[in-house]
Structure formats: C-alpha cells, structure tokens
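Data block below; observations after.
Derivation of every value follows stated rules applied to the coordinates shown; laboratory data play no part. The structure presented is a predicted model; accordingly, all values stated were derived computationally and were not measured. Here the Cβ positions follow ideal geometry from the backbone for every residue, glycine too, while neighbour counts run over all protein chains shown.
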Amino acid sequence: MDTTKFFSRLDEAFPGDPRSTDPVHPQWADLAEEVPGTTAVNALAVLNLAAQLMPVAECYVEVGAYRGRSFAAATQDVGDKRFYALDSFEAHGDRGSDARSDLERTLERYAAHADTRVVVGDAFRMLTQPGVVDRPVGVYYYDGPPGGPAHHLALAVIEPLLADEALVFVADSARPKVQQVHGDYLAEHRGWSLAARWEGNGDSPARWGTGLHALVYRRPPGASRRLTSADERRRRIQVALRGPLGSATRRVARTVPPIVSAPRRRLAPLA
Ligand SMILES: C[S@@+](CC[C@H](N)C(=O)[O-])C[C@H]1O[C@@H](n2cnc3c(N)ncnc32)[C@H](O)[C@@H]1O
C-alpha cells in the first residue's frame, strides 16, 4: 500500500482540512444515516479512500464490523479487492445474532459488488490462525474494545499479516487511554509511525466522533513475522482469561436487575 499516495490524495475526499470540513460526497452522511453504527462520517470517507488506493493483491481487514457501517463504506465502488469483516458479536449478548443478521443485510444492500468475507470469532484468536486471511493486509481498521491490553493486541496480532507497507486505522483515538496504548506500542515495536490524528474540533462531533488515528507500518528489513514472546503471552492471557472473564461479567450484568435506590424518607423534625 502506497501510504504516501493515500495522504496526498485526501484532498479528493475533503474540500479542506479533514478535521474541520465535511467529505466532498454526501454518500457518507447518507450511509451513516442508513446503517446504525459508531464510525463517524469523515472516517467513512477516509476508509473508502484507503480501500480505493489499496493494491489488488492486498486486502482490507476490519475488527469490530458490528452491523457493517464502516465495513460497507470501505467497499463502496471497490469491486476487485478482498475485504474481511471480523466480529465476535459476543458483546451484544442475546442481540448478537441480530447484529450478525444486520451485518449480512448491510452487505447484501451495500457490498454485493465486493468480495467480502465475514469471520465470526474473537479477533485475537482468529487472526493468529493460519489461512484466515489469505493475502497481505494493506488496510486495517480496528474498531474493537478501546484501550488496554485488547488495544495493544489489536496491533500486535495484525503486524505479522500486514503488507510491507500498510495503513492502520484505530478508532476512539481521541481517548487518552487509546493514545497511551499507541505510544507504548510504537515505542516497543519497530516500523510504526503515527501519521495523522483526526479528533475533530468540537464544533461538529459527528465528523469524527471519538476520533481516528492513522498509523503507517513499514516492515523493517529482517523483521520477524511472529509475535514477540511478550505479545504472545499477552494474547494467551486475553484469549484464555480476560476475554472470557469480560464476557461472563457482561452476561451477569445483563441478567441482574438494576439496583433501584429506595427514595429517602424525610424525617419529621423532632418536636
Ligand atoms: C464499536 S463496535 C464496531 C462498530 C462498527 N465498526 C461501525 O462502524 O458501526 C465494536 C464491535 O467490536 C466487536 N468486538 C469486541 N471484542 C471483539 C473481539 N475480541 N473480537 C472480535 N470482535 C470484537 C463487538 O462485538 C462490536 O460489534
């Protein structure tokens, strides 16, 4: 993926500074209206431009496809490339299967022209299984749980699969806890740089929502395609402990009725 070309062609998607202007094409605002989801309008335009410029021999991977808003945006007018949507749907409890059917409906409506593959499961497990992604990843969008070990792993598990030059977009990047993870990850791993921060300017939150950062990865000569031993340890803990524990906690939270605080009784003043 020619990342320099991507940044030089952002002016085709935005009439001015992407932080403070709306996309040239109204189709992204329409898509955000039509498909429920969380990715903000300007981010949809950015993801699509990246997919347009990605070489045919590479693929687009998204973690956290949910009902398909951002994934559908990436595929618009891109008929000759492969797109992978990953989601566990687990965070939605009983409504996970609704979200999954919604994703299928979104793909039928907006992405029938594209070569799309839906992978259902925990991204930290799936992305380390051989063959799940069958070509170098030119564009990656992480829109899963923000911050913490999951966010660190979101970069670690994709790194071996990235093309020698690749674009990595990370959602929720206006949040300090996400920036902290980036900072730490970039300090620990070679080949990465933070290329753009789109966090909006407060006058129009719909443009960027909770922010999007663009990272560039250029594989250093001789770099290993395996997770570092520290990252593999983190991954195992995530898959075996943190992930299941988070799921169990969410399940309990869904079944326990909320505690309603009883109205305080006014004490009559003593005579
Ligand atoms: C914020 S939503 C994604 C929104 C979507 N990209 C959009 O534009 O509307 C986050 C999604 O990440 C998924 N998710 C959370 N943890 C995951 C994991 N470990 N592996 C795969 N998907 C995960 C959730 O099921 C949820 O659907």
Rounded to the nearest 10 degrees, the helix 41-53 long axis (Cα) sits at an angle to the longest Cα principal axis of the chain of 30 degrees
Of all DSSP beta bridges with both partners in the chain, the antiparallel percent, nearest 5, is 40 percent
In degrees rounded to 10, the 0-90 angle between helix 96-110 Cα long axis and the longest Cα principal axis of the chain is 40 degrees
Assertion target for Arg69, Arg175, ordered by fewest C-beta neighbours within 10 angstrom first, is Arg175, Arg69
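Which of the peptides 10-18, 83-91 is most tightly packed, and how do the rest follow, going by the mean number of other Cβ atoms within 10 Å of each residue?
Numbers: 10-18: 14.8, 83-91: 21.7.
The packing order, highest mean first, is 83-91, 10-18.
Using the Cα gyration tensor of segment 1-90, with a ≥ b ≥ c the square roots of its eigenvalues, what is the shape: rounded (a/c below 1.5), prolate (a/b larger than b/c) or oblate (neither)?
Values: a/c = 1.98, a/b = 1.13, b/c = 1.75.
The shape class here is oblate.
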Segment 103-122 and segment 205-230 have their Cα centres apart by a whole-number Å value of 24 Å
Taking Cα atoms only, helix 148-158 is inclined relative to the longest principal axis of the chain by an angle, in degrees rounded to 10, of 20 degrees
Taking alpha-carbon centroids only, segment 1-77 lies from segment 130-160 a number of Å equal to 18 Å
So for segment 30-135, using the alpha carbon gyration tensor with a ≥ b ≥ c as root eigenvalues (a/c under 1.5 gives rounded; past that, a/b versus b/c decides prolate or oblate), I'd call it oblate
Taking a ≥ b ≥ c as the square roots of the Cα gyration tensor eigenvalues, with a/c under 1.5 meaning rounded and otherwise prolate when a/b beats b/c or oblate if not, segment 83-134 comes out oblate
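Peptides 73-80, 138-145: what's the order by average Cβ count within 10 Å, highest mean first?
On the way: 73-80: 18.8, 138-145: 26.0.
Sorting 73-80, 138-145 by mean packing, highest first, produces 138-145, 73-80.
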Under a Gaussian network model of the chain whose springs join Cα atoms within less than 10 Å, the largest fluctuation of Thr128, Thr249, Thr210 belongs to Thr249
What helix-only [θ] at 222 nm does the chain give? Using -39500 (n - 2.57) per DSSP H run of at least 4, over all residues, to the nearest 500, the answer is -11000 deg cm²/dmol
